[in-house]
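*Asks:* Below are the structure tokens for one structure; questions will follow.
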Amino acid sequence: MSDIDPRLRDRFAVYRAETVARVAGPGPDEARRTLRRRRRTMVAAAAVTAVALAVAPVVANAALRGDRSVPAPAATGEPTTAPTSAPPPTSPAPLTPSTTTSTSPAAPDGRISRAQLLAARVDLPAWPSYATGCATSDVRLRPPSPTEARPTLADLDLGYTDLDGDGATETVALVTCRSGEGSAKQLLAFDRDGRGRIVTMARVVRTGDGLDDITDAAVTDDGEVRAQVADIQPCCSMPSYWAQKQWRTYRWTDDRFAQSDGPRSFGKDTRLTDLALAGGDLVLGPVGTDGKRPGTLTLTVTNNGPVDVAYVGFAELGFIGTLDSGDSSICVPWRKADESGTDCRTAGLRSGERRAYTFHLLVDPAALDKPRVRVVHFDDQDRHWRDLAYGNSHLEVRVVS
């Protein structure tokens, strides 16, 4: 059969149309829409994965630091979609006041030992004008020396206290420098700078400024310095008890030390008196077989006051001649262990009293060379004193034949 029956062909066409209608898919348009949804889902998933991979190391580092805050990821070129609704508002975290306070650096510790002070090199304040050979710049202090004209650390206890109110301790020391028969002296305060070096803070007091000696020192807990000062510095044969001593107090004020308590001058020494000597004629008798001549010397002593004198002494009589034993009633026994040069000591004088004394001597005329005599004040402890008016306490002896 060369050809299908037209009626049968039509029946197949109807059957195919009905069958295809029942089993056909969504068609091309729907397939394209489905594909687009799948692509968007894949892109979103890839973006989420990338963000997670970028944030994960930051979160891990924050966890290691103990930091609860997580920095936001860096912006990328991908567009972001705004959230559909804002998150609910949260209350701000309460502010905790800071417990950190600002404090100044602690002041250096200025407690310096004797060994540390001797090992340091320091600059010193100016010495008195009479101490011309005493150094001031880059000085290495020496241990006490009786002869060296170099700055030395006196053999006196160091003082430690807070002098300037900075909460740290400073050091007070007496520094001396030999000058002639005496020593120039400075009571100094030492400290450390910010690098720990020993430096001179300031001078408390020195000799030459209305006083001649510094004999002792001490510090108080409230930052004061007490200095024992004297009006003279004994030397040579001068007894130490001649010096008038005072305690004066100094305090740190306006970047320097100023006297805050104690006497400010010495005034007249109330232990001294004025003994005036008059007369002085040595009358010589005829020459004896030994070539010596007897001599008579009459002296008058007036105590001009204000102090009573326990004993009156006559010095340098021995340079004129030998005292006759008959004068023993004038010269009373006493110990001669002093440097006054006294040859005879007799009863004293009250203030305002006058008395004449006659001495008998055996004189070698050839040995007389500008003979002199001097009157000396002794107290009841056998101590001799200088005179308030030295000019009238001695005289030249005139020889009369």
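The values are calculated or read from the model by the stated rules, or taken from the named source; none is laboratory data. All of these numbers come straight from a predicted model, not from anything done at the bench. Heads up, the Cβs are rebuilt from the backbone with ideal geometry, glycines too, and the neighbour counts pull from every protein chain shown. The protein model used for the area step is the full one, side chains on, heavy atoms only, and it has no ligands, DNA or RNA in it. Shrake-Rupley method; radii C 1.70, N 1.55, O 1.52, S 1.80 Å.
*Asks:* So which residues in the range 126-154 are outside any loop (DSSP other than H, G, I, E, B) and open to solvent by less than 20 Å² (accessible area, probe 1.4 Å)? Reasoning before the result, please.
*Replies:* Step one: of the range 126-154, the residues outside any loop (DSSP other than H, G, I, E, B) are 139-140, 142, 152-153.
Residues satisfying the conditions are Val139, Thr152, Leu153.
*Asks:* Quick one: Arg335 ticks every box in (1) in contact (Cβ under 8 Å) with a residue 24 or more places away in the chain; (2) on the phi < 0 side of the Ramachandran plot; (3) crowded, with 16+ Cβ neighbours inside 10 Å except a single one, so which number is it?
*Replies:* For Arg335, the failing item is (3).
*Asks:* Now, a different point. Go through the range 202-216 and give me each residue that's open to solvent by less than 40 Å² (accessible area, probe 1.4 Å) and assigned to a strand (DSSP E or B). Give the steps one after another, and end with the answer.
*Replies:* Of the range 202-216, the ones open to solvent by less than 40 Å² (accessible area, probe 1.4 Å) are 202, 204-205, 207, 211, 213-214.
Listed by number, the residues that qualify are Ala202, Val204, Val205, Asp213, Ile214.
*Asks:* I'm checking my understanding of the structure. Among residues of the range 325-364 that are assigned to a loop (DSSP other than H, G, I, E, B) and of a type in the set (A, V, I, L, M, F, W, C), which one is modelled with the lowest pLDDT?
*Replies:* Ala337
*Asks:* Return the residues of the range 146-172 that are in contact (Cβ under 8 Å) with a residue 60 or more places away in the chain and of a type in the set (A, V, I, L, M, F, W, C); say none if nothing qualifies.
*Replies:* Leu156, Leu163, Ala168
*Asks:* Let me ask something else. If Val375 passes every condition in (1) open to solvent by 20 Å² or more (accessible area, probe 1.4 Å); (2) closer than 25 Å to Lys268 by Cβ; (3) in contact with a Leu (Cβ under 9 Å, 6 or more places away or on another chain) but one, which one does it miss?
*Replies:* Looking at each condition in turn, Val375 falls short on (1).
*Asks:* Hey, does the range 379-401 have a residue that's in contact (Cβ under 8 Å) with a residue 60 or more places away in the chain, of a type in the set (Asp, Glu) and either crowded, with 18+ Cβ neighbours inside 10 Å or part of a strand (DSSP E or B) (or both)?
*Replies:* Yes; the residues of the range 379-401 include at least one that is in contact (Cβ under 8 Å) with a residue 60 or more places away in the chain, of a type in the set (Asp, Glu) and either crowded, with 18+ Cβ neighbours inside 10 Å or part of a strand (DSSP E or B) (or both).
*Asks:* Continuing with this model, one more query. How many residues are crowded, with 18+ Cβ neighbours inside 10 Å and touching a Leu at 6+ places or on another chain (Cβ under 9 Å) when one looks only at the range 312-331?
*Replies:* Initially, the range 312-331 is screened for residues crowded, with 18+ Cβ neighbours inside 10 Å, giving 312-315, 317, 320-321, 323, 331.
Those left that are additionally touching a Leu at 6+ places or on another chain (Cβ under 9 Å): 312, 314, 317, 320-321, 323, 331.
Of the residues in that region, 7 qualify.
*Asks:* For the range 196-206, enumerate the residues that are in contact (Cβ under 8 Å) with a residue 60 or more places away in the chain, within 26 Å of Arg248 (Cα to Cα) and more than 9 Å from the chain's Cα centre (by Cα).
*Replies:* Just the residues of the range 196-206 that are in contact (Cβ under 8 Å) with a residue 60 or more places away in the chain, to begin with: 196-203, 206.
Next, only the ones that are within 26 Å of Arg248 (Cα to Cα) stay: 199-203, 206.
Answer for the range 196-206, where residues must be in contact (Cβ under 8 Å) with a residue 60 or more places away in the chain, within 26 Å of Arg248 (Cα to Cα) and more than 9 Å from the chain's Cα centre (by Cα): just Arg206.
*Asks:* State all residues of the range 243-262 that are among the aliphatic types (A, V, I, L, M) and closer than 15 Å to Leu211 by Cβ; if no residue qualifies, say none.
*Replies:* Keep residues of the range 243-262 that are among the aliphatic types (A, V, I, L, M), which gives 243, 258.
If the condition is that a residue be among the aliphatic types (A, V, I, L, M) and closer than 15 Å to Leu211 by Cβ, then Ala243 is the only one that fits.
*Asks:* Additional query: From (1) open to solvent by 40 Å² or more (accessible area, probe 1.4 Å); (2) in contact (Cβ under 8 Å) with a residue 60 or more places away in the chain; (3) farther than 23 Å from Asp382 by Cβ, pick out the condition that doesn't hold for Ser260.
*Replies:* With (1) open to solvent by 40 Å² or more (accessible area, probe 1.4 Å); (2) in contact (Cβ under 8 Å) with a residue 60 or more places away in the chain; (3) farther than 23 Å from Asp382 by Cβ applied to Ser260, the lone miss is (2).
*Asks:* Of a type in the set (Gly, Ala, Ser), in contact (Cβ under 8 Å) with a residue 40 or more places away in the chain and open to solvent by 50 Å² or more (accessible area, probe 1.4 Å), is that true of Ser340? Step through it out loud before you land on a result.
*Replies:* Values: of a type in the set (Gly, Ala, Ser): yes; in contact (Cβ under 8 Å) with a residue 40 or more places away in the chain: yes; open to solvent by 50 Å² or more (accessible area, probe 1.4 Å): no.
No; evaluated as a whole, the condition is false for this residue.
*Asks:* Which of the residues that make up the range 272-309 are of a type in the set (A, V, I, L, M, F, W, C) and surrounded by fewer than 16 Cβ atoms within 10 Å (Cβ to Cβ)? Lay out the reasoning, then the answer.
*Replies:* The first filter runs over the range 272-309 and keeps only residues of a type in the set (A, V, I, L, M, F, W, C), leaving 272, 275-278, 282-284, 287, 297, 299, 301, 307, 309.
Within the range 272-309, Ala278, Val283, Val287 meet the criteria.
*Asks:* If you don't mind, another one. Exactly one condition in (1) crowded, with 16+ Cβ neighbours inside 10 Å; (2) touching a strand residue (DSSP E or B) at 6+ places or on another chain (Cβ under 7 Å); (3) more than 30 Å from Asp380 (Cα to Cα) is not met by Trp252; state its number.
*Replies:* Here Trp252 clears every test but (2).
*Asks:* So which residues in the range 376-397 are modelled with pLDDT of 95 or more and in contact with a helix residue (DSSP H, G or I) (Cβ under 9 Å, 6 or more places away or on another chain), if there are any at all?
*Replies:* Trp385
*Asks:* Starting from residues that are in contact (Cβ under 8 Å) with a residue 24 or more places away in the chain and open to solvent by 40 Å² or more (accessible area, probe 1.4 Å), keep the ones in the range 186-195 and report whichever is farthest from Pro151 (Cα to Cα).
*Replies:* Here is the first cut: in the range 186-195, the ones in contact (Cβ under 8 Å) with a residue 24 or more places away in the chain are 186-194.
When the remaining residues are screened for being open to solvent by 40 Å² or more (accessible area, probe 1.4 Å), the result is 192, 194.
Details: Arg192: 20, Gly194: 26 Å.
That would be Gly194.
*Asks:* Among the numbered criteria (1) open to solvent by 10 Å² or more (accessible area, probe 1.4 Å); (2) polar (S, T, N, Q); (3) farther than 30 Å from Arg383 by Cβ; (4) out of contact with any Asp or Glu (no Cβ under 8 Å at 6 or more places or on another chain), which one does Ser183 miss?
*Replies:* All conditions pass for Ser183, except number (3).
*Asks:* For Ala243, state whether it is open to solvent by less than 30 Å² (accessible area, probe 1.4 Å) and touching a Lys or Arg at 6+ places or on another chain (Cβ under 7 Å). First the steps, then the outcome.
*Replies:* Working: open to solvent by less than 30 Å² (accessible area, probe 1.4 Å): yes; touching a Lys or Arg at 6+ places or on another chain (Cβ under 7 Å): no.
When the stated conditions are applied, Ala243 does not pass them.
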